1. With a 10 Å cut-off between alpha carbons and a GNM built on the chain, which of 51, 97, 60 moves the most?
2. Roughly speaking, what is the stretch gain from residue 102 to residue 116, that is 0.36 nm per residue apart minus the C-alpha to C-alpha distance, in nm to one decimal?
3. Only sites in a loop by DSSP and with at most 12 other Cβ atoms within 10 Å count here; which GluC sites (Glu not before Pro) in the range 33-133 make the cut?
4. Under the rule that an exposed site lies in a DSSP loop and has at most 10 other Cβ atoms within 10 Å, name the longest stretch of the chain with no trypsin sites (Lys or Arg not before Pro) of that kind, not counting the sites themselves.
5. For the range 29-128, rounded, prolate or oblate, judged on the Cα gyration tensor with a ≥ b ≥ c (square roots of eigenvalues), a/c < 1.5 rounded, else prolate if a/b > b/c?
6. What does the helix-only formula give at 222 nm for the chain: each DSSP H stretch with n ≥ 4 adding -39500 (n - 2.57), the total divided by the residues, and the result rounded to the nearest 500 deg cm²/dmol?
7. Hey, for a label at residue 131 modelled as a point 7 Å past Cα toward Cβ, could you say which residues of the range 70-114 have their backbone N under 12 Å away?
8. By DSSP, what percent of the beta bridges with both residues in the chain are antiparallel, rounded to the nearest 5?
Amino acid sequence: MTDERLAVILRSNRLKKTTRRMAVARMMLDSGRTATPAQVWSALRPKLGRLGLPSVYRILEELTEAGLLTRIVRPEAESELCYAACTADRKHHHHHLVCTGCGRVEVVDCSFRRLEESRIRRRTGFKVTGHTIQVQGICPACGDKGN
Ligand SMILES: [Zn+2]
Ligand SMILES: [Zn+2]
Ligand SMILES: [Zn+2]
């Protein structure tokens, strides 16, 4: 994603194009991997000077609200906030595939869908209105290292 496109997305979400917001978004988009607020903070502090950890928390939430980032749950640290860039269209229902080795995040299509929803409805009487699924695995690059 270009800086121009990034700026347009920020503007359409009523977020000013600040050096900090741009730097956090750029870092997340360029890496394509998961990062905790503390990791973002230590990576950007040398470049951005007096950047506080609370600001990083806030910016990561703002960028998530703007649809540039998504929250990722890591099975090994479920209570810790973690984010990754996701530029997939939010209107298009999808899931995130996360490498537990390197934190690389990819988008996958949903295979849950209507058959399972109607099964659940028959069994429980619930009308299913949505679901949240995150898939974990080992990416090809990390798999090769293990062999
Ligand atoms: Zn996504
Ligand atoms: Zn990996
Ligand atoms: Zn789904």
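1. 51
2. 1.9 nm
3. Loop-located and lightly packed - 78, 80.
4. The longest uninterrupted stretch comes out as 51-89.
5. Prolate shape, in that a/c is at least 1.5 and a/b is the bigger ratio.
6. Computed ellipticity for the chain at 222 nm equals -14000 deg cm²/dmol.
7. 95, 110-114
8. Antiparallel bridges: around 70 percent, rounded to the nearest 5.
Each value in this text was obtained by applying a stated rule to the coordinates, not by laboratory testing. Every value quoted in this text rests on a predicted model; they were computed, and no experiment measured them. In this analysis, Cβ positions are derived from the backbone assuming ideal geometry, glycine residues included, and neighbour counts consider all displayed protein chains.
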